[in-house]
1. Where in the chain is the longest stretch that carries no GluC sites (Glu not before Pro) classed as loop by DSSP and with at most 13 other Cβ atoms within 10 Å?
2. With every protein chain left in place and a probe of 1.4 Å, what is the accessible surface of Lys189, to the nearest 10 Å²?
3. Quick one: angle between helix 175-193 and the longest Cα principal axis of the chain, in degrees between 0 and 90, rounded to 10, please.
4. What whole number of Å gives the distance from the Cα centroid of the range 60-114 to the Cα centroid of the range 132-160?
5. Could you pull the Cα extents of the chain along its three principal axes, largest to smallest, in whole Å?
6. Can you give the convex hull volume per residue for the Cα atoms of the range 113-186, as a whole number of Å³?
7. Counting only protein chains, not ligands or nucleic acids, how are Arg76, Arg95 ordered by accessible area (probe 1.4 Å), most first?
8. How big is the accessible area of Met48 in square angstrom, nearest 10, if you roll a 1.4 angstrom probe over the protein chains?
Amino acid sequence: MTPATLLATGLTTGLAAEKKSAAVTDWAARIGWLVGLALFVALVYWLMREGWKWRGTLQGDLPALPSAPDEPGEARLTMSGRYHGSTTAGQWLDRIVAHGLGTRSRVELTLTDAGLDVVRPGATDFFIPAEALREALLGKGIAGKVLTEGGLLVVTWAHGDRLIDSGFRSDHAAEHTEWVDTLNQMINKTEGAR
C-alpha cells in the first residue's frame, strides 16, 4: 500500500468512527409524562369543582330566589350586559354560589316599580323586589372580576337575613350612572314609605 492509500483509508475509518446515529425518542417516557400531566390537570379541576359544591352546601341556608311577578309594571330602565356574580355585601371576594348566583352569564336587566328583574340566558333568572333593594353604586370589582373604576354596577339587596352585592356590567358603560341614580332614588322613596 502506498502512503496515499493508507492516508485515504485512515481518513474514512476516522470519519466512520466519528459518525453517530441520531438519538432515539423515548416514546414511553413522553407518553408517561403526558398521562401524568393530564391526570394532574383532571385532579385540579375535580378539586375546584368539589370546592364550588362545598361552598354551595355551606350557603344552603339561603332561601330560594324570588321570581318576577306576572304584572311587574312599566319598565323604567332596561340594560343588557354581563352578570359577574354575587357576594356577601361589603366582601367582594366572598362569592355566593347557592341557587346559581355564582354563575357568570349574559344578562337582561329591567327595572320596574315592582323591582329589578334579572333575566340570564343559560342560568337561573331571579327578581329583586323593590323593598329588598338597599343601595346601588359604581364599583370596580366583584368575586374575582376587576374592572376599571366605575366599570361595574353593584346592587346591594336583602335576601333572607343576608345582604348581597350583585355585580353587573352594561354593554354601554355610560348607562351605569343613570342606573345608580334611578335605583337610589327608588330606594329612598321605598324607605320613606316604610
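1. That gives 75-148 as the longest site-free run.
2. 140
3. 40
4. 11
5. Dimensions of the chain along the principal axes of its Cα atoms: 120, 37, 29 Å.
6. Convex hull volume per residue, Cα atoms: 103 Å³.
7. Arg76, Arg95
8. Surface open to solvent at Met48 totals about 130 Å².
The values are calculated or read from the model by the stated rules, or taken from the named source; none is laboratory data. Bear in mind that the values here come from a model prediction, so they are computed numbers and not experimental data. Please note: Cβ atoms are built from the backbone with ideal geometry, for glycine as well, and neighbour counts cover all protein chains shown. Surface areas here come from the heavy atoms of the whole protein model, side chains and all, with no ligands, DNA or RNA. Shrake-Rupley method; radii C 1.70, N 1.55, O 1.52, S 1.80 Å.
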